[in-house]
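Here's the structure we're looking at; comments come further down.
The values are calculated or read from the model by the stated rules, or taken from the named source; none is laboratory data. The model shown is predicted, which means the values in this text are computed figures rather than measured ones. All Cβ positions, even for glycine, are placed from backbone atoms using ideal geometry, and neighbour counts span all protein chains on display. Note: areas computed on protein heavy atoms with side chains; ligands, DNA, RNA excluded. Shrake-Rupley method; radii C 1.70, N 1.55, O 1.52, S 1.80 Å.
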Amino acid sequence: MPSSRAIWNALGSLKLTLWALGALMVLVVLCTLLQVSLGTYGAVEATMRTWLVWYYPGAGTWGIPYLPGGALVGLVLLVNLTVALVQRFRWAWRYVGLWLIHLGLVVLVAGEFISGALQVDTRMTIEEGQTVSHLEHPREVELALVDRSNPAKDEVWAVPDRLLTRGGTLSLPGTTLTVKVHAFYPNAELRNRKPGDPPHPGNAGIAPNVTVVPLPVIRANEEANVPVCFVELFSGAQSHGTWLTSLVIGAPQEIIHEGRPLALSLRHRRIELPYRLTLKKFSHDRYPGTDIPKNFSSLVHLDDPGRGQSRDILISMNQPLRYDGKAFYQASFGKADTLSILQVVENPGWLMPYLSTVLVSLGLLIHFGWMLWRALARRGGEA
């Protein structure tokens, strides 16, 4: 059994560093190849932001791990660099450059861990003249019940998809309503119902006129899943019927509860903001005589009464809005250039790659500057 000193030396060894860097190179190649079938997001999640890379034979739900994932390799590299920094620590000015280089690499790897664990990617879809005070998660959905009887503010109850997937009966806090999930499909197609179609539990709203065809889950970026959920709403022992909800249903369906209309829908999960943005103008510039895009930009008005902010801001392709710990990037557009789609990223570690670059660059300058000075000093002594 290896001694603790041998383990300590192995953790800080150059061989372990080379193994980790080699494993990362293999993962980068694999991630690039998997983008064809999984898309960018799916490939990164399957290779770089996982502890193990899994192979799933056929369409089975069980898998076989065959490579260490980016999270595991990154953790090994982080430990290796930290231990190496401690092992090689010498209090002398000639080592300052090497210390800074090691420290910069540690900060870089630690920053990726923070981004992978805490980064939140959302979007804001906003039309000209529209005011929006929420973000939407593009890959998560929620079942929403909205009471719009109060003109000043909507009252919203939402059930996230992780609870819908589990099924069962759920209570809505602050109400006498309960939700029973009969079925949840991560991806499905809706068709007009025909005689002979298989039965389903839906009996309210549009459900009796629709047939649901389950489909495989899509992982590519260019296509989107269409989740479908059958839910039955109860007020005490009284049933309000079993409803079919889906992202492709154009408008919320309405139920009456205690004399008040409630809008029922399946929508992208929302994150409410304490401020609001109004799109004043979207600009789509092209190169003269072509349809090649030259620039996209959104002129928005930021209104944040809590912080006393009320100003116009131009968000363009290379000029994001950074506010409240979030970065709003110009991502896409639609509806004949009247709709803007903003990619919103909240990443607590966004500064760490910049800090790492500064530390490594400064370390290289100091280290090679020191070596150059010594070489010149020796040459001067020999002369």
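For the residue pairs Lys153/Lys180; Lys280/Lys335; Lys294/Lys335, alpha carbon separations beyond 20 Å are given by Lys153/Lys180. Cα centroid separation, segment 228-252 to segment 69-144: 41 Å.
If contacts are Cα pairs under 8 angstrom and at least 6 residues apart, what is the relative contact order of the chain in percent? That works out to 18 percent. Using the alpha carbons alone, the radius of gyration of the chain stands to its Kirkwood radius in an Rg to Rh ratio of 1.08. Membrane-span-like helices in the chain, defined purely by DSSP H runs whose alpha carbon atoms cover 20 Å or more axially and whose average Kyte-Doolittle hydropathy reaches 1.6, are 70-87, 96-118. Ratio of Rg to Rh for segment 277-383: 1.32 [Cα atoms; Kirkwood radius as inverse mean 1/r over pairs].
With all protein chains present, how much of the accessible area of segment 160-279 (probe radius 1.4 Å) comes from carbon and sulfur, to the nearest whole percent? For segment 160-279, the apolar C and S fraction of the accessible surface comes to 52 percent. Per-residue extension of 0.36 nm, minus the Cα-Cα distance of Val120 and Asp303, leaves a gain of 63.6 nm for this segment. The smallest convex shape that holds all Cα atoms of segment 44-162, its convex hull, gives 223 Å³ per residue.
The packing ranking, built from the mean of other Cβ atoms within 10 Å per residue, places the peptides 239-250, 5-16 in the order 239-250, 5-16, highest first. Using only side-chain charges placed at the Cβ, +1 for Lys and Arg and -1 for Asp and Glu, the dipole size of the chain relative to its Cα centre rounds to 1480 debye.
Entry for segment 156-202 at q = 0.14, 0.17, 0.21 Å⁻¹: log10 I(q)/I(0) = -0.49, -0.66, -0.85, Debye formula applied to identical alpha-carbon scatterers, no solvent contribution. Sorted from greatest to least, the principal axis extents spanned by the alpha carbons of segment 129-280 come out as 50, 44, 27 Å. Report the percentage of all Cα-Cα pairs in segment 206-311 whose separation exceeds 21 Å, rounded to a whole percent. Every Cα pair in segment 206-311 considered, those over 21 Å come to 65 percent. Compute the Cα gyration tensor for segment 324-378, then decide on rounded, prolate or oblate, letting a ≥ b ≥ c be the square roots of its eigenvalues: rounded whenever a/c is under 1.5, prolate when a/b is larger than b/c in the other cases, and oblate in all that remain. It is prolate, given that a/c is not under 1.5 and a/b is the larger ratio.
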